[in-house]
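> I have a structure I would like to understand better, so I am pasting it below and will then ask my questions one at a time.
The values are calculated or read from the model by the stated rules, or taken from the named source; none is laboratory data. Not measured: the values here are computed from a predicted model. Virtual Cβ from ideal backbone geometry, glycine too; neighbours counted across all protein chains shown. With ligands, DNA and RNA removed, areas are computed over all heavy atoms of the protein, side chains included. Shrake-Rupley method; radii C 1.70, N 1.55, O 1.52, S 1.80 Å.
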Amino acid sequence: PLDGVRPWGITMWDDNLLVVRTGESGGVNLYTDVSTKLDGTEDLTPQATLTVADAAAIRGVAYSKALDLMVLTEYENAQVLIFENASQLFGQAQAVISPSRIISGSNTGLSGPVDVSIDDREGSRLLYVADKRSKSVLRFELSAQGNARPQLQAVLPLSPEAVFLDARGLAAGEQ
């Protein structure tokens, strides 16, 4: 029902759905007004088809409407791709896009990131990244870029496949 796209990661806000496409032409598709279109029998046509330049294995996706920020994980290149002013990108029917910032390098602890979550609460501004290869969840400042060290790395006994942050009711800075 998604016009032949086999999704890897998804995120939803309001009545919009971002679906990750992985592989050679990896990127995201934006579907709008999905609640009026999902009856299970029709294909959805994307409002925007965005291909990420030089990406081979896009996996996770997160979007913050409050910050107008989209974040993707790139598994093979061990990167977190950050796109500022994402709503401008979503306004294009088709485009090849490049991130505003990239977190990658030996100091990051990233080796196979598969998912990401944004903590956009005032006074918090953090990224949480699930990394399958290192069996860890890493926390970065939202402003991080380049070969940044994580604020925190929790090593787990199993490989995480996803990360989801539910900070409702917590004040910024509460763990």
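> Condition first: open to solvent by 10 Å² or more (accessible area, probe 1.4 Å) and free of Cβ contacts under 8 Å to residues at least 24 places away in the same chain. Now tell me which residues in the range 21-35 satisfy that.
Selection gives T32, D33, S35.
> Please specify each residue of the range 15-65 satisfying the condition of being closer than 16 Å to I97 by Cβ and of a type in the set (F, W, Y).
Once the filter is applied, which keeps residues that are closer than 16 Å to I97 by Cβ and of a type in the set (F, W, Y), the range 15-65 yields only Y63.
> Just to verify a result, which residue in the range 36-68, among those that are in a loop (DSSP other than H, G, I, E, B) and open to solvent by less than 60 Å² (accessible area, probe 1.4 Å), is farthest from L142 (Cα to Cα)?
The qualifying residue farthest from L142 (Cα to Cα) is L44.
> Look at V19 and say whether it is modelled with pLDDT under 95, assigned to a strand (DSSP E or B) and in contact with a Gly (Cβ under 9 Å, 6 or more places away or on another chain).
It is true that V19 is modelled with pLDDT under 95, assigned to a strand (DSSP E or B) and in contact with a Gly (Cβ under 9 Å, 6 or more places away or on another chain).
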